[in-house]
Amino acid sequence: MNGGPSDPEMRFVLDIMLGRLAKWLRVLGFDAAVRAFTDPGLVGSLLAGGSIPVTRREKYRHTEGVVFIKSDRHLDQLREIVSALGLEERNFYPFTRCIVCNAPLRSAAREEAFGAVPDYVFETASDFRKCPRCARFYWPGTHKGRMLDKLAWIMDKEEGRKNG
């Protein structure tokens, strides 16, 4: 399993109550859509279409193919998915999707970012990515380091549980 934006096996559809978790899956490069799991046929159609449904709704706790989330904290939820699916860092393609609308990002010329990002960012950053759907720009900054630190913490915790 390779994971990431080009791997059709790793399409997640998360219940609407898991929006922060969806953002973190997108940070890792996964296709992570959000839907309300209110239609009784939704989970079956998601599974038939190759998506991985993720929910906290008790009625799906024992449904095969559904990732049932126990925690109410988003980083612990992410750790649950990593554990349930046996994901490793090699499965991740960080910072390749828009965390807002889920579209794959494309490289953007620095000049394209002029006027769309803060002046300081334009003057100091050289690597820009742009969402083709919502036109949001992304660049490496201090937030990237903090996100990578959180990911390392999640993976260390996971390794500790496997090895300990």
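The values are calculated or read from the model by the stated rules, or taken from the named source; none is laboratory data. Worth saying up front: this structure is predicted, and the values here are computed from it rather than measured. In this analysis, Cβ positions are derived from the backbone assuming ideal geometry, glycine residues included, and neighbour counts consider all displayed protein chains.
When you go through Val54, Val34, Val117, Val100 one by one, which is the residue that is assigned by TED's automatic domain parsing to the domain that holds Tyr138, touching a residue at least 12 places away in the same chain (Cβ under 8 Å) and either surrounded by 14 or more Cβ atoms within 10 Å (Cβ to Cβ) or assigned to a loop (DSSP other than H, G, I, E, B) (or both)?
Val117
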Checked the range 78-87 for anything part of a loop (DSSP other than H, G, I, E, B) and surrounded by 13 or more Cβ atoms within 10 Å (Cβ to Cβ); matches are Leu87
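Yes/no matrix, rows are residues, columns are (1) without any contact (Cβ under 8 Å) to a residue 24 or more places away in the chain; (2) farther than 17 Å from Phe30 by Cα; (3) of a type in the set (Gly, Ala, Ser):
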| residue | (1), (2), (3) |
| --- | --- |
| Glu80 | yes, no, no |
| Ala113 | no, yes, yes |
| Asp127 | yes, yes, no |
| Phe137 | no, yes, no |
| His143 | yes, yes, no |
Only one residue in Arg35, Arg57, Arg73 is touching a strand residue (DSSP E or B) at 6+ places or on another chain (Cβ under 9 Å) and more than 13 Å from Phe12 (Cα to Cα), so which one is that? Arg57
Have a look at Leu42, Leu75, Leu46 and point out the one that is within 24 Å of Pro104 (Cα to Cα) and out of contact with any Pro (no Cβ under 6 Å at 6 or more places or on another chain). Leu75
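Out of Val54, Val43, which single residue is under 26 Å from Ala152 (Cα atoms) and not basic (Lys, Arg)? If you could, list the steps in order and put the result at the bottom.
Working: Val43 fails: under 26 Å from Ala152 (Cα atoms).
Just a single option satisfies the conditions, and that option is Val54.
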Considering (1) at pLDDT below 95; (2) part of a loop (DSSP other than H, G, I, E, B); (3) under 28 Å from Ile16 (Cα atoms), say which one Leu75 fails and leave the rest. (2)
